[in-house]
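K.L.:
Let me give you the structure first, and then I'll get to my questions.
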Amino acid sequence: MNQRAVATVNLAAIRHNLAQVRRYAPNSCVMGAVKADAYGHGAVPVARTLEAAGIDALAVACMQEAQQLREAHIRAPIALLEGILSAEEATLAAYEGLQIVVNDFWQIELLERMPQGATLQVWFKLDSGMHRLGFPLSAVPKLRQVLQRNRSWRFCGWMTHLARADEPEVSATVEQIEAFDITLAGIAGARSIANSAGLLAWQQARRDWVRPGLMLYGASPLPGKTGRALGLRPALTLTSRLIAIREYPAGSAIGYGASYRCPETMKIGVAAVGYADGIPRSLASGAPVQVAGRPATIAGRVSMDMITLDLRAAPQARIGDEVVLWGEHAPAEIVAEHAGTLAYELFCGLTNRVQFEYVDPAA
């Protein structure tokens, strides 16, 4: 059966990007974010690749994601970034040897009700300015008291999250880092600040642990820069095929809403992929794609199952030719700009109608 839409994930690129993380932060342990199904790349194969490459820990959002990895026999340390939501989850976290990122006092209450002797591994997350999850900085003295009365807990360290690390010209990141440092001055425990943007743009955010996500998948979190410009390799290439080519005279309206009209007599191609596969409906005319290795652009609205393409720059295109939506030679960051979104959303938005294939050229 011919597949309409295929996402090919290059596991060698994942390893390369982890190596780049270590080059940027050679003195830091690496906690790789594989939440949200490894940003749409497939949590189990990506986690296996990272574990084999020696990553220090993995990070997921929730218990469901952690259990999926443990059931796949991933033995690397796993951190629950949103912590535990119930006594049942606390018990599971202890059983599975998970690191619990504790964000609030109600979670501490759950953990303190655990049976004596339960092995608990905890991070404390501080809100240094993101104002989403985390204890206020003023709570640190109380948190130290929590540790003193729960000496059986294994304390992993202090964590915070940066709100505007992808804006290198903005002072908010420096203010967050300084507030975090002042609050914890003289207090024991590992520190973790940097996500991908923090790791790339803010050297002072590279502490005992870094927590890369997007850059492991080869995309850039920094505006105006692609992953390639930062030494990364895109790991996922999304492709489809041309299923029709028609020539239309100047002025012809293409697709729903007649949002695109041919500026001259030209060929329009149809590829078998659409928003039911995860292509944003907001992807605008002019967005770049590749057809048989040649540049082309979106022409008209994305439909549920198809997109229409301006083939003027690819005059030799034929039925069955490969169409690359994003990937190795079509950066997801650039495509995302044409949809008013981010590469994160492109990756996470792929649906189960897309066929995933994994390759490992270096294995």
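K.L.:
Determine whether Ala185 is without any contact (Cβ under 8 Å) to a residue 40 or more places away in the chain, assigned by TED's automatic domain parsing to the domain that holds Gly134 and closer than 30 Å to Gln290 by Cβ.
P.N.:
Details: without any contact (Cβ under 8 Å) to a residue 40 or more places away in the chain: yes; assigned by TED's automatic domain parsing to the domain that holds Gly134: yes; closer than 30 Å to Gln290 by Cβ: no.
It is false that Ala185 is without any contact (Cβ under 8 Å) to a residue 40 or more places away in the chain, assigned by TED's automatic domain parsing to the domain that holds Gly134 and closer than 30 Å to Gln290 by Cβ.
K.L.:
What number of residues within segment 128-157 are closer than 16 Å to Gly198 by Cα and not polar (S, T, N, Q)? Write out each step before concluding.
P.N.:
Of all residues in segment 128-157, those closer than 16 Å to Gly198 by Cα come to 128-130.
Subset that is not polar (S, T, N, Q): 129-130.
So the answer is 2.
K.L.:
Follow-up question, since we're still on this one. Sort out which residues of segment 83-95 are surrounded by fewer than 19 Cβ atoms within 10 Å (Cβ to Cβ) and within 24 Å of the chain's Cα centre (by Cα), and write them in order of number.
P.N.:
Quick first cut of segment 83-95, residues surrounded by fewer than 19 Cβ atoms within 10 Å (Cβ to Cβ) only: 85-88, 91-92, 95.
Within segment 83-95, just Leu85 meets the criteria.
K.L.:
Let me ask something additional. Scan segment 172-197 for residues that are over 25 Å from Gln121 (Cα atoms) and either of a type outside the set (A, V, I, L, M) or in contact with a Pro (Cβ under 6 Å, 6 or more places away or on another chain) (or both) and report the count.
P.N.:
The number of residues fulfilling the criteria is 5.
K.L.:
Could you give me the residue pairs with C-beta distances under 7 Å whose first residue belongs to segment 92-114 and is in the same structural domain as Gly157 (by TED's automatic domain parsing) and among the small types (Gly, Ala, Ser), whose second residue is surrounded by 14 or more Cβ atoms within 10 Å (Cβ to Cβ) and not in a helix (DSSP H, G or I) wherever it lies, and which are 6+ apart or on separate chains?
P.N.:
Close Cβ pairs satisfying both conditions: Ala93/Leu80; Ala93/Ile84; Ala93/Ile100; Ala94/Met114; Ala94/Ala118; Ala94/Leu120.
K.L.:
Just for strands (runs of 3 or more DSSP E) wholly inside segment 13-106: which have at least 3 residues that are over 25 Å from Arg206 (Cα atoms)? Steps first, please.
P.N.:
Values: elements: 29-33, 57-60, 78-80, 99-102.
Once the strands (runs of 3 or more DSSP E) in segment 13-106 are filtered for at least 3 residues that are over 25 Å from Arg206 (Cα atoms), nothing remains.
K.L.:
Determine, yes or no, whether Ile14 is buried (at least 21 other Cβ atoms within 10 Å of the Cβ) and of a type in the set (Val, Ile, Thr). Give the steps one after another, and end with the answer.
P.N.:
Working: buried (at least 21 other Cβ atoms within 10 Å of the Cβ): yes; of a type in the set (Val, Ile, Thr): yes.
Yes: the conditions hold for Ile14.
K.L.:
Looking at Ala61, Ala53, Ala25, which one is free of Cβ contacts under 8 Å to residues at least 40 places away in the same chain and either closer than 25 Å to Leu143 by Cβ or surrounded by 19 or more Cβ atoms within 10 Å (Cβ to Cβ) (or both)? Steps first, answer last, please.
P.N.:
Values: Ala53 fails: either closer than 25 Å to Leu143 by Cβ or surrounded by 19 or more Cβ atoms within 10 Å (Cβ to Cβ) (or both); Ala25 fails: free of Cβ contacts under 8 Å to residues at least 40 places away in the same chain.
Being free of Cβ contacts under 8 Å to residues at least 40 places away in the same chain and either closer than 25 Å to Leu143 by Cβ or surrounded by 19 or more Cβ atoms within 10 Å (Cβ to Cβ) (or both) holds for just one of Ala61, Ala53, Ala25, which is Ala61.
K.L.:
Name the single residue, out of those in segment 112-138 being buried (at least 16 other Cβ atoms within 10 Å of the Cβ) and within 17 Å of Ile78 (Cβ to Cβ), that is modelled with the lowest pLDDT.
P.N.:
The extreme case among them is Leu120.
K.L.:
Same structure, new question: Go through the residues of segment 196-217 one by one and say whether even a single one is over 31 Å from the mean Cα position of the chain (by Cα) and in a loop (DSSP other than H, G, I, E, B). Walk me through it before giving the result.
P.N.:
Within segment 196-217, the first condition is being over 31 Å from the mean Cα position of the chain (by Cα), and the residues that meet it are none.
For segment 196-217, residues over 31 Å from the mean Cα position of the chain (by Cα) and in a loop (DSSP other than H, G, I, E, B): absent.
K.L.:
Something else about it: Only one residue in Ala165, Ala179 is without any contact (Cβ under 8 Å) to a residue 60 or more places away in the chain, in a loop (DSSP other than H, G, I, E, B) and among the aliphatic types (A, V, I, L, M), so which one is that? Give the derivation first.
P.N.:
Working: Ala179 fails: in a loop (DSSP other than H, G, I, E, B).
Sole residue among the options that is without any contact (Cβ under 8 Å) to a residue 60 or more places away in the chain, in a loop (DSSP other than H, G, I, E, B) and among the aliphatic types (A, V, I, L, M): Ala165.
The values are calculated or read from the model by the stated rules, or taken from the named source; none is laboratory data. Here the structure is a predicted model, which means the values were calculated and not measured. When we count neighbours, we look across all protein chains shown, and the Cβ atoms used for this are built from the backbone with ideal geometry, even at glycine.
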